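Report on the structure given below.
What follows draws every value from the coordinates through simple rules; no lab data is involved. Predicted, not measured: the structure shown is a model, and the values here were computed from it. Cβ: placed from backbone, ideal geometry, glycine included. Neighbour counts: every protein chain shown.
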Amino acid sequence: MAESTPQTGDEMHTDVEVMAQELVDNLVHAVRSDGLMNVLSGLGGQQDKSQQTKPDPNYYKLTRGDVDILLDNDYLAGKIVEKVPEEATKKGWTVRVSDDPKDSKPFDETMESIGLRQSMKLAHTWARAYGGGAVILGVFDGAEDMSHPVNTDNIKGIYWTIDADRWELTPKTWYTDPWDEDGNWGKVKTYLYTPHNTDATRGLDSVKEIHESRILRFEGRTVPKALQAAYDYWGQTYLQRVWEVIRRFHTNSQMIENVLHEARQGVVKMAGLANKAQTKEGQEILQKRLLILSMFRSALKVTLVDKDNEDFEDREIGLGANGEAWGHLAHEVAAAADMSMTVIWGMAPAGLTSDDKGGRTNWYDTVETVQTNEYSPHILRVAKYLAAAEQGPTGGIEPDEMEVHHHPLETPTEKEEAETQYMHAQRDQIYLYAGVLRSSEVRESRFRASGYSNDIVLQEGAPSSDPEDPPEGTESIEAAGQAAEAASEEEPGVQPQADS
């Protein structure tokens, strides 16, 4: 056997360099080509602990029973589910008709009489809680049963509304025609309605098949298309994504509660305590002495100690990091629920702007988006059914154009209303002088029987005012505006706001 030749120092150094280069090459190929890594520290590589954080496929999925318990007992879950529907419906809405300059609001009374607002609020609540909810419309159109589509040519009226959650409505049939004129291909055609609380006296003692044209459908949070069948083609509860955050918050709150129970401790110093504790007789003496101390503190609010052999003091234990953790988790709950601190906690966040104006603005924007995208289409469908009814508000004549106007979520103060009307007066004055508007259009549009309006309704024909001369009364409008500005500047207690 041939003897191996010992390597020289240079050869050994070369081999080490080759091994090191191979190690680097292996590490580089082991990570993503679009990522960064540090070979020496291991950050970004396979040995980086943070790289092992992955989505958990075995996350806990809330059941229907879990949601029932949370809604019945947990205040955070209740707010997350109920707050948006409450805000979206509490001020109500008006369906306005384009060819009705008097703004008579023909549909408002009928919609209130059939309980539409309350039913939509509950249906939206069930959608956020369980992933789906609906309003069933009692449209009387002469159909043999509710499985047939609404016959708009024979509607007598809408007599009632009932709210239902997704567990009461199961999709049964589907639109299968790709060339459906209404674009319903692939959507649910009829549902099986199985009420939770069967009641023969109310006619709810059997399963009913209901056509989708008689249902206003609200969906929960959108789920991936691959999972839609698992949700019976409804949405997901809004509590699923926030559940883990809620659980951590309540756990931390319980820890703080335990700390508060033990936040104040009485410390007793006794001469020869260690020796007394070693004998049975001494232990009995200590127990009796501590019992007497506790009784005096509880009953008389005083503590008696031996001047020479004892000492007593109260020690307070602070919350420490628990209090700070509570604040962080409170913000995390608000972020997960997509709600401002003011809305979900009733308190403004700490910082330079303590009124949370930005948070409230974002919250109202969110609610207005829900009103526009989810409520308005349903309201218009009901309005069209009512308009088609011979005994309906419009006598069976459907208006050319109808719009849903949701009432403002915020109620302005008297000062804010006066400022808004003054700005409108200035703008109207310019349009009157330019001949764009008639004075009758401004008067009838702004000062309606229902109250002041921000909208102008144009009349047929061109304005007849002479644009060369200011309309009569514009000087008084300008003078009134200047007086209002002067009064606002002199109002006591009003300080100019700094730029945020």
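Measure up Lys79/Lys121; Lys83/Lys121; Lys105/Lys384; Lys61/Lys83; Lys90/Lys121; Lys208/Lys384 against 19 Å on the Cα-Cα distance and list the ones that go over. Over 19 Å apart, Cα to Cα: Lys61/Lys83; Lys208/Lys384. Across the stretch 405-422, rounded Karplus estimates of 3J(HN,Hα) from the backbone phi angles (6.51 cos²θ - 1.76 cosθ + 1.60, θ = phi - 60°) give 10, 7, 5, x, 6, 9, 8, x, 6, 4, 5, 5, 5, 5, 5, 5, 5, 5 Hz, Gly and Pro being marked x. Remark: the Trp185-Glu410 segment gains 77.0 nm on full extension, using 0.36 nm per residue and subtracting the alpha carbon distance. A protection proxy built from the mean count of other Cβ atoms within 10 Å ranks the segments 118-130, 393-405, most packed first, as 118-130, 393-405. The peptide list 276-289, 51-64, put in order of mean Cβ contacts within 10 Å with the highest first, becomes 276-289, 51-64. Under 5 Å from the amide H of Ala143 lies no amide H of any residue 5 or more positions distant or on a separate chain, with H modelled from the backbone and absent for Pro and chain starts.
Looking at the stretch 87-244, the pairs of alpha carbons with a distance over 24 Å make up 43% of the total.
When peptides 224-234, 363-373 are sorted by average Cβ neighbour count within 10 Å, with the highest value leading, the order is 363-373, 224-234. When Rg and the Kirkwood radius Rh are both evaluated on Cα atoms of the stretch 373-444, their ratio Rg/Rh stands at 1.15. For the stretch 212-254 and the stretch 388-462, what is the separation of their C-alpha centers, rounded to whole Å? Measuring centre to centre over Cα atoms gives 40 Å.
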